[in-house]
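Have a look at the structure below before the remarks.
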Amino acid sequence: MNLIQSTLQRGARFSRQTRDYAGNAFDRVFRSAEMVLAGKTPYETLAEDGLVSLRYYPPLESFSIQLGDDTVPVEPTTHRVPIVIVPPLAVNMLIYDLFPQRSLVRYLRARGFEVYLIDWGMPTRRHSHYNLHTYVAELLPRYLDAVRQHSGEQDLSLHGWSMGGMFTLFYTALSGDRHIRNTVVLGSPIDSHASGLMGLMYRRFSDVAGLVRRHTGFRIHDVRPHWLHTPGWANTIGFKLTNPIGSAMGYWELLLRLGDREFVTNHATTSAFLDRMVAYPGGIIQDTLVRVWIDNQLSDGEIQIGDDMARLENVHANLLAIAGEGDTMVTPGAAKRVMDHVSSSDKTFRVVPGGHMGILAGSQAPEASWIEIADWLAERSD
(Lines give C-alpha, C1' and ligand atoms only; values in the text may rest on other atoms or scores of the structure.)
Protein backbone atom coordinates (compact mmCIF):
# COMPACT_ATOMS: atom_id res chain seq x y z
CA MET A 1 0.00 0.00 0.00
CA ASN A 2 2.82 2.38 0.89
CA LEU A 3 4.48 1.61 -2.42
CA ILE A 4 1.27 2.42 -4.30
CA GLN A 5 0.81 5.69 -2.38
CA SER A 6 4.42 6.66 -2.96
CA THR A 7 4.08 5.96 -6.68
CA LEU A 8 0.87 7.98 -6.88
CA GLN A 9 2.46 10.90 -5.02
CA ARG A 10 5.47 10.88 -7.33
CA GLY A 11 3.13 10.78 -10.29
CA ALA A 12 1.14 13.74 -8.95
CA ARG A 13 4.32 15.75 -8.35
CA PHE A 14 5.55 14.94 -11.85
CA SER A 15 2.19 15.99 -13.28
CA ARG A 16 2.28 19.32 -11.40
CA GLN A 17 5.88 19.96 -12.47
CA THR A 18 4.99 19.18 -16.07
CA ARG A 19 2.08 21.64 -15.92
CA ASP A 20 4.35 24.26 -14.34
CA TYR A 21 7.02 23.79 -17.00
CA ALA A 22 4.49 23.88 -19.82
CA GLY A 23 2.63 26.88 -18.42
CA ASN A 24 5.78 28.88 -17.73
CA ALA A 25 7.21 28.05 -21.16
CA PHE A 26 3.97 29.12 -22.87
CA ASP A 27 3.79 32.38 -20.92
CA ARG A 28 7.49 33.17 -21.47
CA VAL A 29 7.13 32.76 -25.23
CA PHE A 30 3.62 34.03 -25.95
CA ARG A 31 2.69 36.22 -22.97
CA SER A 32 6.04 37.63 -21.89
CA ALA A 33 4.76 41.23 -21.91
CA GLU A 34 2.28 40.33 -19.18
CA MET A 35 5.06 38.87 -17.03
CA VAL A 36 7.25 41.98 -17.10
CA LEU A 37 7.56 43.72 -13.73
CA ALA A 38 9.48 46.77 -15.02
CA GLY A 39 8.15 50.28 -15.44
CA LYS A 40 5.61 50.21 -12.60
CA THR A 41 6.60 53.43 -10.79
CA PRO A 42 4.11 56.22 -11.71
CA TYR A 43 5.41 59.33 -13.46
CA GLU A 44 4.14 62.46 -15.15
CA THR A 45 5.23 63.65 -18.60
CA LEU A 46 6.06 67.34 -18.32
CA ALA A 47 7.25 68.10 -21.86
CA GLU A 48 7.73 66.31 -25.18
CA ASP A 49 8.53 67.11 -28.78
CA GLY A 50 7.30 63.97 -30.53
CA LEU A 51 10.55 62.11 -29.82
CA VAL A 52 12.10 63.25 -26.54
CA SER A 53 10.09 63.61 -23.34
CA LEU A 54 10.70 64.71 -19.76
CA ARG A 55 9.43 62.55 -16.91
CA TYR A 56 8.80 63.62 -13.33
CA TYR A 57 8.37 61.04 -10.59
CA PRO A 58 6.01 62.49 -7.96
CA PRO A 59 6.26 61.74 -4.23
CA LEU A 60 5.62 58.12 -3.28
CA GLU A 61 2.32 57.36 -1.61
CA SER A 62 3.75 54.68 0.67
CA PHE A 63 5.77 55.16 3.86
CA SER A 64 8.40 52.61 2.82
CA ILE A 65 9.67 50.67 -0.19
CA GLN A 66 11.32 47.31 -0.68
CA LEU A 67 14.95 47.32 -1.76
CA GLY A 68 15.85 43.70 -2.29
CA ASP A 69 15.12 41.98 1.02
CA ASP A 70 15.30 45.24 3.00
CA THR A 71 12.68 47.85 3.81
CA VAL A 72 13.67 51.48 3.18
CA PRO A 73 11.60 54.23 4.84
CA VAL A 74 10.41 57.06 2.60
CA GLU A 75 12.03 60.26 3.83
CA PRO A 76 9.41 62.85 4.78
CA THR A 77 11.45 65.86 3.62
CA THR A 78 12.82 66.66 0.17
CA HIS A 79 16.34 67.76 -0.72
CA ARG A 80 16.45 71.17 -2.37
CA VAL A 81 18.53 70.18 -5.42
CA PRO A 82 16.62 67.93 -7.87
CA ILE A 83 18.31 65.06 -9.69
CA VAL A 84 17.97 64.65 -13.45
CA ILE A 85 18.70 61.21 -14.91
CA VAL A 86 20.38 61.53 -18.31
CA PRO A 87 20.18 58.11 -19.99
CA PRO A 88 22.34 56.88 -22.85
CA LEU A 89 20.91 56.28 -26.28
CA ALA A 90 19.94 52.81 -27.54
CA VAL A 91 18.45 51.70 -24.19
CA ASN A 92 14.81 51.82 -23.18
CA MET A 93 13.86 53.44 -19.92
CA LEU A 94 12.83 50.20 -18.19
CA ILE A 95 16.41 49.89 -16.92
CA TYR A 96 15.79 52.67 -14.40
CA ASP A 97 12.67 51.00 -13.01
CA LEU A 98 13.52 47.35 -13.58
CA PHE A 99 11.80 45.65 -10.62
CA PRO A 100 9.49 47.00 -7.91
CA GLN A 101 12.12 45.97 -5.33
CA ARG A 102 15.06 47.15 -7.50
CA SER A 103 14.08 50.47 -9.02
CA LEU A 104 16.58 53.33 -9.10
CA VAL A 105 13.94 56.03 -9.62
CA ARG A 106 11.84 54.68 -6.75
CA TYR A 107 14.85 54.44 -4.44
CA LEU A 108 16.02 57.99 -5.17
CA ARG A 109 12.49 59.25 -4.62
CA ALA A 110 12.34 57.39 -1.28
CA ARG A 111 15.64 59.01 -0.28
CA GLY A 112 14.06 62.44 -0.57
CA PHE A 113 15.08 63.58 -4.07
CA GLU A 114 12.91 65.25 -6.67
CA VAL A 115 13.54 62.89 -9.60
CA TYR A 116 13.36 63.78 -13.29
CA LEU A 117 14.33 61.61 -16.27
CA ILE A 118 14.92 62.59 -19.89
CA ASP A 119 13.55 59.88 -22.19
CA TRP A 120 15.33 60.18 -25.56
CA GLY A 121 12.55 58.23 -27.26
CA MET A 122 12.84 55.93 -30.27
CA PRO A 123 14.70 57.60 -33.16
CA THR A 124 13.83 56.60 -36.72
CA ARG A 125 15.72 57.18 -39.94
CA ARG A 126 14.32 60.69 -40.15
CA HIS A 127 16.43 61.44 -37.05
CA SER A 128 19.61 60.08 -38.66
CA HIS A 129 21.21 63.54 -38.71
CA TYR A 130 21.04 63.83 -34.91
CA ASN A 131 24.58 63.96 -33.55
CA LEU A 132 26.43 64.89 -30.36
CA HIS A 133 25.67 68.57 -30.91
CA THR A 134 21.94 67.82 -31.23
CA TYR A 135 21.78 66.04 -27.88
CA VAL A 136 24.38 67.99 -25.89
CA ALA A 137 23.88 71.55 -27.13
CA GLU A 138 20.23 71.56 -28.22
CA LEU A 139 18.03 68.94 -26.57
CA LEU A 140 19.68 68.59 -23.16
CA PRO A 141 19.65 72.36 -22.38
CA ARG A 142 16.01 72.58 -23.45
CA TYR A 143 14.88 69.84 -21.08
CA LEU A 144 17.07 71.04 -18.21
CA ASP A 145 15.32 74.41 -18.58
CA ALA A 146 11.99 72.55 -18.27
CA VAL A 147 13.22 70.87 -15.07
CA ARG A 148 14.20 74.25 -13.63
CA GLN A 149 10.86 75.76 -14.53
CA HIS A 150 8.93 72.89 -12.94
CA SER A 151 11.08 72.55 -9.81
CA GLY A 152 11.70 76.24 -9.23
CA GLU A 153 15.38 75.45 -8.59
CA GLN A 154 18.39 76.53 -10.63
CA ASP A 155 20.89 74.13 -9.09
CA LEU A 156 20.64 70.58 -10.45
CA SER A 157 22.33 67.21 -10.01
CA LEU A 158 22.88 65.12 -13.15
CA HIS A 159 23.11 61.31 -13.18
CA GLY A 160 24.48 59.74 -16.36
CA TRP A 161 25.26 56.13 -17.17
CA SER A 162 27.45 55.12 -20.14
CA MET A 163 26.81 57.59 -23.00
CA GLY A 164 24.51 59.46 -20.63
CA GLY A 165 27.55 60.16 -18.47
CA MET A 166 29.36 61.53 -21.50
CA PHE A 167 26.36 63.74 -22.35
CA THR A 168 26.46 65.03 -18.77
CA LEU A 169 30.16 65.87 -18.89
CA PHE A 170 30.00 67.32 -22.41
CA TYR A 171 27.06 69.58 -21.56
CA THR A 172 28.70 70.83 -18.37
CA ALA A 173 32.01 71.42 -20.16
CA LEU A 174 30.47 73.10 -23.20
CA SER A 175 27.80 75.24 -21.59
CA GLY A 176 29.70 76.61 -18.61
CA ASP A 177 26.52 76.01 -16.59
CA ARG A 178 27.72 76.73 -13.03
CA HIS A 179 24.30 75.68 -11.67
CA ILE A 180 25.12 72.01 -12.25
CA ARG A 181 26.04 71.36 -8.65
CA ASN A 182 26.62 67.58 -8.72
CA THR A 183 27.44 65.06 -11.43
CA VAL A 184 27.30 61.28 -11.07
CA VAL A 185 28.75 59.35 -14.02
CA LEU A 186 28.82 55.56 -14.30
CA GLY A 187 30.68 53.49 -16.89
CA SER A 188 31.66 56.41 -19.16
CA PRO A 189 34.83 55.99 -21.28
CA ILE A 190 37.32 58.85 -21.06
CA ASP A 191 40.38 56.97 -22.34
CA SER A 192 38.66 54.50 -24.66
CA HIS A 193 41.95 53.02 -25.88
CA ALA A 194 42.61 51.85 -22.31
CA SER A 195 39.42 49.78 -22.28
CA GLY A 196 40.84 46.26 -22.42
CA LEU A 197 40.35 44.21 -25.59
CA MET A 198 37.89 46.73 -26.99
CA GLY A 199 40.45 49.48 -26.48
CA LEU A 200 43.09 47.39 -28.22
CA MET A 201 40.74 46.85 -31.16
CA TYR A 202 40.09 50.58 -31.50
CA ARG A 203 43.81 51.35 -31.30
CA ARG A 204 44.22 49.15 -34.37
CA PHE A 205 41.24 50.88 -36.02
CA SER A 206 42.90 54.20 -35.25
CA ASP A 207 46.08 53.13 -37.02
CA VAL A 208 44.10 52.02 -40.08
CA ALA A 209 41.95 55.17 -40.05
CA GLY A 210 45.11 57.31 -39.97
CA LEU A 211 46.48 55.55 -43.04
CA VAL A 212 43.20 55.91 -44.92
CA ARG A 213 42.95 59.61 -44.09
CA ARG A 214 46.50 60.33 -45.19
CA HIS A 215 46.33 58.41 -48.46
CA THR A 216 42.72 58.97 -49.56
CA GLY A 217 41.37 61.91 -47.58
CA PHE A 218 38.30 59.83 -46.69
CA ARG A 219 36.55 60.57 -43.41
CA ILE A 220 33.67 58.66 -41.83
CA HIS A 221 31.94 62.03 -41.50
CA ASP A 222 31.92 62.18 -45.31
CA VAL A 223 29.27 59.43 -45.32
CA ARG A 224 25.62 60.43 -45.14
CA PRO A 225 24.39 59.78 -41.58
CA HIS A 226 21.35 58.03 -43.05
CA TRP A 227 23.56 55.10 -44.06
CA LEU A 228 24.95 54.68 -40.54
CA HIS A 229 21.60 54.60 -38.74
CA THR A 230 21.67 51.48 -36.53
CA PRO A 231 18.33 49.78 -35.74
CA GLY A 232 17.44 48.62 -32.26
CA TRP A 233 17.79 44.90 -33.03
CA ALA A 234 21.39 45.46 -34.12
CA ASN A 235 22.14 47.26 -30.85
CA THR A 236 20.61 44.36 -28.93
CA ILE A 237 22.89 41.89 -30.70
CA GLY A 238 25.92 44.15 -30.24
CA PHE A 239 25.29 44.57 -26.52
CA LYS A 240 24.87 40.83 -26.00
CA LEU A 241 28.06 40.13 -27.94
CA THR A 242 30.02 42.09 -25.32
CA ASN A 243 29.32 39.08 -23.07
CA PRO A 244 28.24 36.23 -25.38
CA ILE A 245 28.87 33.47 -22.82
CA GLY A 246 26.81 35.25 -20.18
CA SER A 247 23.98 35.83 -22.67
CA ALA A 248 23.90 32.17 -23.68
CA MET A 249 24.10 30.96 -20.08
CA GLY A 250 21.12 33.14 -19.19
CA TYR A 251 18.91 31.21 -21.60
CA TRP A 252 20.43 27.89 -20.53
CA GLU A 253 19.57 28.69 -16.92
CA LEU A 254 16.05 29.59 -18.04
CA LEU A 255 15.65 26.08 -19.46
CA LEU A 256 16.98 24.52 -16.28
CA ARG A 257 14.70 26.57 -14.03
CA LEU A 258 11.60 26.69 -16.21
CA GLY A 259 9.53 25.32 -13.36
CA ASP A 260 10.41 28.30 -11.11
CA ARG A 261 7.76 30.95 -11.81
CA GLU A 262 9.64 33.72 -10.02
CA PHE A 263 12.82 33.06 -12.00
CA VAL A 264 10.92 32.96 -15.30
CA THR A 265 9.20 36.25 -14.45
CA ASN A 266 12.53 37.88 -13.56
CA HIS A 267 14.05 36.58 -16.80
CA ALA A 268 11.18 38.05 -18.82
CA THR A 269 11.59 41.38 -17.03
CA THR A 270 15.32 41.61 -17.66
CA SER A 271 14.85 40.56 -21.28
CA ALA A 272 12.27 43.31 -21.75
CA PHE A 273 15.18 45.73 -21.38
CA LEU A 274 17.85 43.76 -23.24
CA ASP A 275 15.64 42.69 -26.17
CA ARG A 276 14.01 46.07 -26.79
CA MET A 277 16.97 48.33 -27.38
CA VAL A 278 16.50 51.47 -29.44
CA ALA A 279 18.08 52.75 -32.66
CA TYR A 280 21.21 54.90 -32.82
CA PRO A 281 20.98 57.91 -35.17
CA GLY A 282 23.69 57.87 -37.83
CA GLY A 283 25.12 61.21 -36.70
CA ILE A 284 25.72 59.82 -33.22
CA ILE A 285 27.44 56.77 -34.73
CA GLN A 286 29.78 59.06 -36.67
CA ASP A 287 30.66 61.27 -33.72
CA THR A 288 31.12 58.59 -31.06
CA LEU A 289 32.85 56.06 -33.32
CA VAL A 290 35.38 58.60 -34.57
CA ARG A 291 35.82 61.06 -31.71
CA VAL A 292 35.34 58.83 -28.67
CA TRP A 293 36.61 55.44 -29.83
CA ILE A 294 38.92 55.75 -32.85
CA ASP A 295 40.52 59.18 -32.26
CA ASN A 296 40.15 58.88 -28.46
CA GLN A 297 39.88 62.66 -28.14
CA LEU A 298 38.73 62.53 -24.53
CA SER A 299 42.03 61.09 -23.38
CA ASP A 300 43.38 64.62 -23.93
CA GLY A 301 40.49 66.10 -21.98
CA GLU A 302 38.46 67.53 -24.86
CA ILE A 303 36.10 66.54 -27.64
CA GLN A 304 34.65 68.25 -30.68
CA ILE A 305 30.92 68.95 -30.42
CA GLY A 306 29.74 70.39 -33.72
CA ASP A 307 32.04 73.33 -34.44
CA ASP A 308 32.97 73.76 -30.76
CA MET A 309 35.35 72.01 -28.38
CA ALA A 310 34.08 70.78 -25.03
CA ARG A 311 36.95 70.82 -22.54
CA LEU A 312 36.62 68.76 -19.39
CA GLU A 313 38.71 71.32 -17.51
CA ASN A 314 35.56 73.48 -17.61
CA VAL A 315 33.71 70.96 -15.40
CA HIS A 316 33.64 72.37 -11.87
CA ALA A 317 30.65 70.48 -10.45
CA ASN A 318 31.11 68.00 -7.63
CA LEU A 319 31.87 64.67 -9.28
CA LEU A 320 31.26 61.04 -8.33
CA ALA A 321 32.59 58.69 -11.04
CA ILE A 322 31.90 54.96 -10.86
CA ALA A 323 33.31 52.06 -12.89
CA GLY A 324 32.50 48.35 -12.87
CA GLU A 325 35.26 45.92 -12.01
CA GLY A 326 33.75 43.42 -14.47
CA ASP A 327 32.92 45.93 -17.20
CA THR A 328 34.48 44.77 -20.47
CA MET A 329 33.03 47.68 -22.46
CA VAL A 330 34.32 50.52 -20.25
CA THR A 331 37.04 49.22 -17.94
CA PRO A 332 38.03 51.06 -14.74
CA GLY A 333 41.19 52.23 -16.49
CA ALA A 334 39.14 53.83 -19.26
CA ALA A 335 36.77 55.55 -16.82
CA LYS A 336 39.26 56.78 -14.22
CA ARG A 337 40.95 59.28 -16.56
CA VAL A 338 38.09 61.70 -15.91
CA MET A 339 39.84 62.49 -12.62
CA ASP A 340 42.85 63.84 -14.52
CA HIS A 341 40.87 66.37 -16.54
CA VAL A 342 37.96 67.89 -14.61
CA SER A 343 38.54 70.95 -12.43
CA SER A 344 36.17 69.80 -9.68
CA SER A 345 37.59 70.39 -6.22
CA ASP A 346 35.26 67.71 -4.85
CA LYS A 347 35.73 64.56 -6.94
CA THR A 348 35.62 60.87 -6.10
CA PHE A 349 36.27 57.72 -8.15
CA ARG A 350 34.94 54.29 -7.16
CA VAL A 351 35.21 50.79 -8.62
CA VAL A 352 32.22 48.61 -7.74
CA PRO A 353 31.18 45.02 -8.56
CA GLY A 354 29.38 44.46 -11.83
CA GLY A 355 29.57 44.74 -15.58
CA HIS A 356 28.42 47.59 -17.79
CA MET A 357 24.72 47.11 -17.06
CA GLY A 358 25.22 45.60 -13.62
CA ILE A 359 26.68 48.78 -12.10
CA LEU A 360 23.44 50.57 -12.88
CA ALA A 361 20.72 47.99 -12.30
CA GLY A 362 22.23 44.60 -11.42
CA SER A 363 21.29 42.65 -8.31
CA GLN A 364 24.35 44.04 -6.50
CA ALA A 365 23.85 47.64 -7.62
CA PRO A 366 21.70 48.86 -4.68
CA GLU A 367 24.27 47.82 -2.10
CA ALA A 368 27.32 48.45 -4.29
CA SER A 369 26.46 51.92 -5.61
CA TRP A 370 22.91 53.23 -5.08
CA ILE A 371 23.26 53.76 -1.36
CA GLU A 372 26.60 55.53 -1.76
CA ILE A 373 25.24 57.68 -4.60
CA ALA A 374 22.23 58.75 -2.55
CA ASP A 375 24.38 59.44 0.54
CA TRP A 376 26.89 61.41 -1.55
CA LEU A 377 24.15 63.47 -3.21
CA ALA A 378 22.32 64.08 0.07
CA GLU A 379 25.41 65.75 1.56
CA ARG A 380 25.58 68.10 -1.43
CA SER A 381 21.92 68.80 -2.25
CA ASP A 382 20.60 71.10 0.48
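The values are calculated or read from the model by the stated rules, or taken from the named source; none is laboratory data. Keep in mind it's a predicted model, so treat the numbers as computed, not measured. Please note: Cβ atoms are built from the backbone with ideal geometry, for glycine as well, and neighbour counts cover all protein chains shown. Accessible surface areas use protein heavy atoms only, side chains included; no ligands, DNA or RNA. Shrake-Rupley method; radii C 1.70, N 1.55, O 1.52, S 1.80 Å.
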| Can you give the convex hull volume per residue for the Cα atoms of segment 105-205, as a whole number of Å³? | 147 Å³
| field | Rounded accessible area per residue of segment 325-377, 1.4 Å, Å² | value | 41 Å²
| task | May I ask you to order 372-380, 93-101 by the average number of other C-beta atoms within 10 Å around their residues, highest value first? | result | 93-101, 372-380
| said: For residue 155, what accessible surface area do you get with a 1.4 Å probe? Give it in Å², rounded to 10. | reply: 30 Å²
| query | Accessible area of residue 309, 1.4 Å probe, to the nearest 10 Å²? | reply | 60 Å²
| Just in segment 36-90: which chymotrypsin sites (Phe, Trp or Tyr not before Pro) are loop by DSSP and have at most 12 other Cβ atoms within 10 Å? | 63
| Tell me, in nm to one decimal, what length is gained between residue 311 and residue 363 on full extension, where the rule is 0.36 nm per residue of separation less the Cα-Cα distance? | 15.2 nm
| What net charge is computed for the residues neighbouring residue 186, neighbours being all others with C-beta under 14 Å from the C-beta of residue 186, Lys and Arg scored +1, Asp and Glu -1? | -1
| said: Rolling a 1.4 angstrom probe over the protein chains, ignoring ligands and nucleic acids, what is the accessible area of residue 138 in square angstrom, nearest 10? | reply: 80 Å²
| request: Quote to one decimal, in nm, the extra length available between residue 224 and residue 63 on full extension: 0.36 nm per residue of separation minus the C-alpha distance between them. | output: 52.6 nm
| Measuring with a 1.4 Å probe in the full set of protein chains, what accessible area per residue, in whole Å², belongs to segment 111-151? | 40 Å²
